[in-house]
Amino acid sequence: MLSRITRLLIGLALYGVGCALTVAAGLGVDPWTVFAQGLSRVTGLGIGWITNLVGLAVLLLWIPLRQKPGVGTIANILLVGTSMQVALWVLPHPDQLWAQTLLLVAGVVLVAVASGLYIGARFGPGPRDGLMTGLHGRFGWPIWACRLTVEGSVLILGWLLGGTVGVGTVVFALGIGPLVHVAMPLLAFTRPTPRTRRLTRV
């Protein structure tokens, strides 16, 4: 149990740091971070704090979908945005393309490693993943269709609000699935289930 809790906490903290690296790179971020970044620009709140608030709001959407949060779900809401905000306070925001590329690649890889840790701990999905599995369970849509619909919507809305969409968004979209697919069996507490494998597919 202690090992699983440690994996969960480290994984969620690293996930936030990985997202912060992609933000600091300035080349484009994943759809949910685009959304949080857009809201941050509009409200003036830090992007990490917005990420926590968005996670809480998404959790409320679980109610009509009859999803039940786990310890990992609550920890996700509390830790990911917080670690992202702290990391953004200390990370550089370089202008050189080589440095930006390095931060972007490091961020995507770190998010994949973090995903393998926290998903493999088996304490429940994050609020965003739970939303997609909830839509799948309630309406029978394929996981990939749920993910595409949800992430496509938040991406467009975040872009309209001023979030950064760019090559980094494409790199994240194309790279995160295969990287998480590799990371999960290496880092999971037990072998990944078919359900957790589906979460890594766009």
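The values are calculated or read from the model by the stated rules, or taken from the named source; none is laboratory data. Model, not experiment: these values are computed from the prediction. Glycine also receives a Cβ, built like all others from the backbone with ideal geometry; neighbour counts cover every protein chain displayed. What goes into the accessible areas is simple: the full protein's heavy atoms, side chains included, and nothing from ligands, DNA or RNA. Shrake-Rupley method; radii C 1.70, N 1.55, O 1.52, S 1.80 Å.
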- Query: Which of the trypsin sites (Lys or Arg not before Pro) found in the range 65-172 are loop residues per DSSP with 13 or fewer other Cβ atoms within 10 Å of their Cβ?
  - Reply: ARG66
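Shape verdict for the range 1-120, please, from the Cα gyration tensor: rounded (a/c under 1.5), prolate (a/b greater than b/c) or oblate. List each step's numbers first, then the result.
Numbers: a/c = 2.21, a/b = 1.35, b/c = 1.64.
In terms of gyration-tensor shape, oblate.
Please label the shape of the range 8-69 as rounded, prolate or oblate, based on the square roots a ≥ b ≥ c of the eigenvalues of the alpha-carbon gyration tensor (a/c under 1.5 means rounded; beyond that, a/b larger than b/c means prolate, else oblate).
Oblate, since a/c reaches 1.5 and b/c is not below a/b.
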- Query: Label-point separation (nm) for ALA145 and LEU53, each offset 7 Å from Cα along Cα-to-Cβ?
  - Reply: 3.4
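Quick check: residue separation of ARG41 and VAL170 times 0.36 nm, minus the Cα distance between them. What number comes out in nm?
Values: separation 129, 0.36 × 129 = 46.44 nm, distance 2.17 nm.
Full extension from ARG41 to VAL170 adds 44.3 nm.
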- Computed accessible area, ILE47, all protein chains, 1.4 angstrom probe, square angstrom: 20
- At what distance in nm do the modelled label points of TRP98 and ARG138 sit from each other, each positioned 7 Å from its Cα along Cα→Cβ? 5.0
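Compute the Kirkwood hydrodynamic radius of the chain, taking the inverse of the mean of 1/r over all pairs of distinct Cα atoms, and give it in Å to one decimal. Please list the in-between numbers first.
Working: mean 1/r = 0.0601 Å⁻¹.
That comes to 16.6 Å for the chain.
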